[in-house]
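The next block holds one structure in the form of structure tokens; read it before the comments.
The values are calculated or read from the model by the stated rules, or taken from the named source; none is laboratory data. The structure displayed is predicted, hence computed values, not measured ones. Cβ coordinates were reconstructed from backbone atoms using ideal geometry, including for glycine residues, and neighbour counts include every protein chain displayed. Side chains included, ligands, DNA and RNA excluded: accessible areas come from the protein's heavy atoms. Shrake-Rupley method; radii C 1.70, N 1.55, O 1.52, S 1.80 Å.
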Amino acid sequence: MKRAVILFPKFNNIDTINNIRGKYDPLANYIAPHITIVFPFESDLTTHELKEHFNKSLKGIKKFNIMLNNITGDYRDGYLFLNVKKGNDNIIELHDKLYSGLLEKFIFRKVTYFPHLTVGKIFEQKQFDDAVDELNCYNEIYETLIDKVFVENIDLDEKSIIEFSFDLE
């Protein structure tokens, strides 16, 4: 089974993000705006095993506020990111704790983890450059409280199905 661990921020102004993703993100119709904590991995771990891992590794982790602002791109891979400006350390802590023990073997060490919300994936260089220029004017601030972490199953059509959520203290 293919799974990932994600945050679903609940911004009051999420319509702007949805509009940008609708234009630039091929996964916009498959999963809501999200921040990935544990990247997609294949495993036959049971839901019970994962819940136990969450209970152990995230024990004592408190709810926290995040703020996102500014869209930038990674031209090598064609990704457009809405950047985390507040709460970055909290998200990295979730990432590090979840990639311990049971999930340690799934960590991808070839890329440094940095929290972000993907708003696009563009494969053609000119279109990518044009999108970065266009999105440069989006200076909207997105703020919310993070109080849950979600485990999703990713089906064969790349659709996201929530397996369970874990409440932060």
Scanning segment 37-58 residue by residue, those polar (S, T, N, Q) and open to solvent by less than 30 Å² (accessible area, probe 1.4 Å) turn out to be Ser43, Ser57
Among the residues of segment 151-167, the number that are open to solvent by less than 40 Å² (accessible area, probe 1.4 Å), closer than 16 Å to Pro26 by Cβ and charged (D, E, K, R) is 0
Residue pairs meeting the criteria (Cβ under 9 Å; at least 6 apart or on separate chains; first within 9 Å of Val38 (Cβ to Cβ) and in contact (Cβ under 8 Å) with a residue 40 or more places away in the chain, in segment 89-101; second outside any loop (DSSP other than H, G, I, E, B) and of a type in the set (D, E, K, R)): none
Working carefully through the options Asp155, Asp129, Asp167, find the one that is closer than 23 Å to Ala32 by Cβ and out of contact with any Lys or Arg (no Cβ under 7 Å at 6 or more places or on another chain). Asp155
Could you tell me whether Ile61 is closer than 17 Å to Phe166 by Cα and open to solvent by less than 50 Å² (accessible area, probe 1.4 Å)? yes
Residues in segment 1-32 that are more than 22 Å from Leu145 (Cβ to Cβ) and polar (S, T, N, Q) total 2
Output the residue which, of all residues in segment 113-124 that are within 18 Å of Val5 (Cβ to Cβ) and either assigned to a strand (DSSP E or B) or of a type in the set (S, T, N, Q) (or both), is least open to solvent (accessible area, probe 1.4 Å). Leu117
Counting only residues that are at pLDDT below 95, more than 22 Å from Asn70 (Cα to Cα) and among the aromatic types (Phe, Trp, Tyr), segment 81-139 contains a total of 1
